Amino acid sequence: MELFLGFLVMLACLIFGVHHGGIGLAVISGIGLVVYTFVFGYQPGVPPISVMLTILAVVTCAGFLQTSGGLTVMLKYAEKFLRNNPKQVTIFAPITTWFLTVLCGTGHVVYTMFPIIYDVAIKQGIRPERPMAVSSVAAQMGICGSPVSVAVVSIIAFMAQAGHQVSVLQILGVTIPATLTGVICAALWSYRRGKDLDKDAEFQEFIKNPKNREYVYGEAESLQGETLPRSYYHAMFIFFFGILVIAVLGNDPELLPHFADKAGVLQPLDMTEVIQMIMLLIAASILIFCKVKAKEVGNSQVFRSGMVALLSVYGVAWMANTFFSAHMAFLKEVLGEAVTAYPWAYAIIAFFTSKLVNSQAAAIAIVVPMALNVGVDPVLIMSFISACYGYFFLPTYPSDLACIGFDRSGTTRIGKYLLNHSFMIPGLIGVTSGCCMGYVVAHLIF
């Protein structure tokens, strides 16, 4: 009975908190912590400090990248690629948004791409819903394929805390083919979805009005032809070099400094600390060599969204750790056996937790430590990493709502019955195929 009541408290905090955004979710989690400690008598859990510090370093670096203009260079090349291949925009657009997220660590880069994708599609007579909806899904799927995303660095840190030393390249060796496979499968399904614009009676009726037609086919802003300062390119190359250094060091621990542990045995420097150091070094290099005003970094979209993710992980992970630690013996017996017998059960738990908290990082902060503590095989956790993206299930996520707003044709929409929206099937296809590929690759690598 106490377990059930405790679970209801956590569920209520998550549902109520998510309505107030990431920061709201973090502070509402404080209510759950107080109730668990002072009412239920649970010993407070441990906040994931190393995870939070890693997130902070990554978010700071990403903020410097955007403020320096390095991100603008990436977007310019992405736009050029799509405009040079307009007829295949339904396939290439989601791959592009996925790749941008992999490079930058955040799906919020997709906002700048939406008007470009729309403009390319509408000028080719392609139903904008086809490339736009799947591009929104692809941008979020790329999070778990990025070496600098909050989700991936969180998994590495949680694995290290549990005694499982997994390198960045090992994680990416699973997540990149898994998420990319999901994106391609979703894009292929989207290629012929919906009616062609010339056969869509509702759309044709809409553009009969000259004002509506001008609105639908109006020009969009473009980075093509714009000359960017050299410092923008320098920032981008500094960032890429830093990512390469992390990948090399993570793949070969012998290159790292070694220090004696409590038993006097030399051990390589923890990879979470390496990531923190390199991220701060990248940010410092961009600051020094690219003439960035440090005070402007705090106003960048990437930094703000990253700090919200940091706060939500802080509150949610601490609350979840307090609850699960109090019932760990029972959870090991029940959940451990269930996941062992039905491995896909972990994927379902991760999927709906993600929808509940509207964040892959927050879902990982809840599900991964619990799974590791009850004895779930780390290989299984990496196999189903694509399932940590479940917040497309209801069309309430900001990027999905922005996608609908940028589609001036009205073809990307929320359906009459809420669940029959433009992102549902691409999302389900992407996550399902990503999990299948992840399961195969993870068991081949480990």
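At a glance:
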read-out	value
Breaking point among (1) open to solvent by 20 Å² or more (accessible area, probe 1.4 Å); (2) touching a residue at least 60 places away in the same chain (Cβ under 8 Å); (3) out of contact with any Phe, Trp or Tyr (no Cβ under 7 Å at 6 or more places or on another chain), for residue 328	(2)
Yes/no for residue 116 being in a helix (DSSP H, G or I) and either touching a residue at least 24 places away in the same chain (Cβ under 8 Å) or under 30 Å from residue 287 (Cβ atoms) (or both)	yes
Residue match in segment 40-55 (condition: over 29 Å from residue 286 (Cβ atoms), of a type in the set (Phe, Trp, Tyr) and not in a helix (DSSP H, G or I))	yes
Number of the exception - residue 270 against (1) over 25 Å from residue 368 (Cα atoms); (2) over 21 Å from the mean Cα position of the chain (by Cα)	(1)
Counted residues, segment 10-20 - those being in a helix (DSSP H, G or I) and open to solvent by 30 Å² or more (accessible area, probe 1.4 Å)	5
First in segment 179-208 and in a loop (DSSP other than H, G, I, E, B), second anywhere and of a type in the set (Val, Ile, Thr), Cβ under 6 Å, 6 or more apart	191/90; 207/216
Meets criteria (modelled with pLDDT of 85 or more and either under 15 Å from residue 154 (Cα atoms) or among the polar types (S, T, N, Q) (or both)) for residue 387	no
Residue satisfying all of: in segment 148-165; open to solvent by 20 Å² or more (accessible area, probe 1.4 Å) and in a loop (DSSP other than H, G, I, E, B); farthest from residue 366 (Cα to Cα) among these	165
Close pairs (7 angstrom Cβ cut-off, 6 or more residues apart or separate chains): touching a residue at least 24 places away in the same chain (Cβ under 8 Å) and on the phi < 0 side of the Ramachandran plot in segment 337-365, small (Gly, Ala, Ser) and in a loop (DSSP other than H, G, I, E, B) anywhere	351/390; 352/390; 354/390; 355/390
Breaking point among (1) more than 29 Å from residue 117 (Cα to Cα); (2) among the polar types (S, T, N, Q); (3) in a helix (DSSP H, G or I), for residue 212	(1)
Residues satisfying the stated conditions in segment 293-325, i.e. assigned to a loop (DSSP other than H, G, I, E, B) and open to solvent by 20 Å² or more (accessible area, probe 1.4 Å)	293, 298, 299
Flag if residue 341 is open to solvent by 30 Å² or more (accessible area, probe 1.4 Å) and among the aliphatic types (A, V, I, L, M)	yes
Residue within segment 66-85 that is at pLDDT 90 or above, buried (at least 24 other Cβ atoms within 10 Å of the Cβ) and touching a Pro at 6+ places or on another chain (Cβ under 7 Å) present	no
Residues of segment 326-372 that turn out to be in a helix (DSSP H, G or I) and more than 29 Å from residue 24 (Cβ to Cβ), as a count	13
Pair list, Cβ under 6 Å, 6 or more apart: segment 230-246 residue free of Cβ contacts under 8 Å to residues at least 60 places away in the same chain, other residue part of a helix (DSSP H, G or I) and surrounded by 15 or more Cβ atoms within 10 Å (Cβ to Cβ)	245/278
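The values are calculated or read from the model by the stated rules, or taken from the named source; none is laboratory data. These numbers were taken from a predicted model, which means no experiment stands behind them. Neighbour counts are summed over all protein chains in view; Cβ atoms, including those assigned to glycine, are modelled from backbone coordinates with ideal geometry. When the accessible area is computed, the model is the full protein with side chains, heavy atoms only, and any ligands, DNA or RNA have been set aside. Shrake-Rupley method; radii C 1.70, N 1.55, O 1.52, S 1.80 Å.
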